[in-house]
Amino acid sequence: MKEYSEYLSIINSAISNLRLPEHPAGLYRPIVYTLDGGGKRLRPVLTLAACQALGGEPMSAIHQAVAIEMFHNFTLLHDDVMDKADVRRGRPTVHKKWNEETAILSGDAMLTTSTMLLSVKAGDHLAQALELFNGTAMNIYEGQQLDMDFEQRSDVTVEEYIEMIRLKTSVLLGCSCGMGAIMANAPFETQVKFFEYGVNLGLAFQLQDDYLDTYGNPDTFGKAIGGDILNDKKTWLLIMAMNEDKSGTIKSMLGTDIAPEDKIRTVRSVYDSLNLPERIHELISAYIDAAIKCLDNIDLMPEARVFFMDLALRSATRDK
């Protein structure tokens, strides 16, 4: 197994070597801008690492790994438009740097490009890879719709929220692991277990993201803190607070037009009073434990198990 940094270097090199057309520039420059923004590249790293962990050559899955990263970034372009987000990875979002129409069209081009990349050198695995990829994509769209639906509801349950983030975020991490298993020609049962590892990892990852949006450091997190609070976004934190805040402070602030700093400070004080920061990390740890348990049912060399176990544990303590 390689180190995470080595897989990351391989992915970054492959992305920098992509030969996208230069014209029309208005379509392709935003794609290059987005991919140049960096990021953790967690999903393609999972694909390469899973492939190698199961006896495959990681470079045999490089096109599929880049395809997944391209797809992930496509979803971010469209998400930023829908969420009216101004900053992504410490830089202006595409719709702020250009406009919404550009973000939508360049995102569409990224979606098509991701499918094209997925097919490159997939060989006999093409049908299975496309089935996993397209099924995952539909799950993500379903999750995004649920997220939008939740904006109009005040009765969202924790169970509904977990299902929404499973669809919107977690299944793509599952797909990343499953794709590596497919390209390594692993048995279907192994593909499923690696997929489940990725899903549990993704749930922990998203819950940590929710925590960081409220309690993180904007300098390391890459965007302004408190966006979820200002947008009344139905996160685990807000749902729990709506259920348990006996003072009624949380519900009274939903949809109100008050100073952003005051709203963030007041809502966060309610979260603190309910001990939600500690409780969300207990839930994150439970999903990390579930992810690691999935590894028990996969025939892995010790160093491969350590790689994926450490990756899961680091996800629970990341600050960006």
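The values are calculated or read from the model by the stated rules, or taken from the named source; none is laboratory data. In this text, all values refer to a predicted model and were calculated from it rather than measured experimentally. Because the Cβ atoms are built from the backbone with ideal geometry, glycine has one as well, and the counts that use them run over all protein chains shown. Please note that ligands, DNA and RNA were not included when accessible areas were found on the heavy atoms of the full protein model with its side chains. Shrake-Rupley method; radii C 1.70, N 1.55, O 1.52, S 1.80 Å.
Among the trypsin sites (Lys or Arg not before Pro) in region 1-85, those placed in a DSSP loop whose Cβ has at most 12 other Cβ atoms within 10 Å are 19, 84. With an a/c value of 1.5 or above and a/b larger than b/c for the gyration tensor axes a ≥ b ≥ c computed over the alpha-carbon atoms, region 9-95 is described as prolate.
Between helix 126-150 and the chain there is an angle of about 10 degrees, using the helix long axis and the longest principal axis of the Cα atoms.
Placing a pseudo-label 7 Å from each Cα along the Cα-to-Cβ vector at residue 310 and residue 83 gives an inter-label distance of 3.0 nm.
For residue 293, the aspartates and glutamates whose Cα comes closer than 12 Å to its Cα, not counting residues fewer than 8 places off in the same chain, are 196.
Compared with the dominant Cα axis of the chain, that is its longest principal axis, helix 188-215 is turned about 30°.
Relative intensity of the chain on a log10 scale, I(q)/I(0) at q = 0.07, 0.12, 0.14, 0.15 Å⁻¹, equals -0.28, -0.83, -1.11, -1.26, per a Debye sum over C-alpha point scatterers of equal strength in the absence of solvent. Rounded to the nearest 20 debye, the dipole size of the chain about its Cα centre is 680 debye, using +1 on the Cβ of Lys and Arg and -1 on the Cβ of Asp and Glu.
Report the trypsin sites (Lys or Arg not before Pro) located in region 204-278 that are in a DSSP loop and have at most 10 other Cβ atoms inside 10 Å of their Cβ, or state none. Passing sites in region 204-278 are 246.
Rolling a 1.4 Å probe across the protein heavy atoms gives the chain an accessible surface of 46 Å² per residue. You can think of it this way: the chain between residue 254 and residue 57 has 65.8 nm of extra reach, that is 0.36 nm per residue less the Cα-Cα gap.
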